[in-house]
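Notes follow the structure.
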């Protein structure tokens, strides 16, 4: 009897051993992310929980102003290069699985809510081009005749984008048989970037040619431009702008938004209900990103040259600066873990990415990287407007 039991155990062990080995080789994508190495045109694949670099992949071209979106299953990263390259990276194998040079100068991209389409915004020749996410074959092209910025995905397989030169916002409906686009005029002078609120309702464009922003209510059948914070710098001499603010990293905290002011050492608080000014906070320099920690309790702000060695943390209830950190020269980007317990910070001129505990503000990890800039975690695959 004992021999029979021993033989049975041996057989079960042999059967299960390959399964265990195969399981050990599997990797999930939920903890993964990428870091842009802008000078070398390479991308680091990282495990955010282990604070570890898993792979370095080369061949992405000019990444001096790169951005990334993820497929719905969070396996593939779509990397948008400044040289017009659209590249698909398999995060599990570390292989580039597709690349097209779709324009001469690009400024970012988006992926549709169903994950089927990838769109790219272009400075040169302008407009937006849309591709099949699986094949990277072209699907549609929208010629705006102008530099195009602020590209975001909207519910219903739609995209919104705005033109720098002409002050228009286009809404392209890729669910319509004719792939039609509605053009809304009167957005303002030189929109430089735009964002979408987490509920998909408010599309807000920042204006470089005038003090103010413009909102469109995307829940309306025919959205009309609504000017926000007109003349917020009235009576003040604007400072030289060394780096344009980014609205993609905006913050919504409770019933207020916080946005970077152009040409001023301030962030602006906006009432989320009526979009009127709700306050201002003096900060260390000209803000580039003002990013809300998940949960909305804090806002982390970085700054333009020459004051770009600093991070400041704002309390969203009081609006006050509660912590000032000095990570090092050229702090370019921040990315929070999905639940906000950590923030990853790229410090380009120090050649590192630093990881901070968001409760204690302690530095808990540091990863080497070649001129790091953008940091993107796969949790973005499940959020609107990124």
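The value given for the range 111-226 is a Kirkwood hydrodynamic radius of 14.0 Å, derived from the mean inverse Cα-Cα separation. Using the Cβ-Cβ distance between residue 49 and residue 297 with R0 set to 22 Å, the FRET efficiency works out to roughly 0.50.
Tell me whether the range 246-362 comes out rounded, prolate or oblate; compute the Cα gyration tensor, take square roots of the eigenvalues as a ≥ b ≥ c, and use a/c under 1.5 as the rounded threshold. Taking the square roots of the gyration eigenvalues as a ≥ b ≥ c, the range 246-362 is oblate. The alpha carbon gyration tensor of the range 93-163 gives principal lengths a ≥ b ≥ c with a/c of 1.5 or higher and a/b no greater than b/c, which makes the shape oblate.
Using only the Cα atoms of the range 265-327, build the gyration tensor, take square roots of its eigenvalues as a ≥ b ≥ c, and label the shape rounded, prolate or oblate: rounded if a/c is under 1.5, else prolate if a/b is larger than b/c, else oblate. Note, shape of the range 265-327 comes out prolate. Counting only alpha carbon atoms, the long axis of helix 2-25 and the longest principal axis of the chain meet at about 30°.
Dividing the convex hull volume of the alpha carbon atoms of the range 41-140 by its residue count gives 91 Å³ per residue.
No value in this document is a laboratory result; all are computed from the given coordinates. Since the structure is predicted, the reported quantities are computational estimates derived from the model, not experimental observations. Here Cβ is always computed from backbone atoms with ideal geometry, including for glycine, and neighbour counts include all displayed protein chains.
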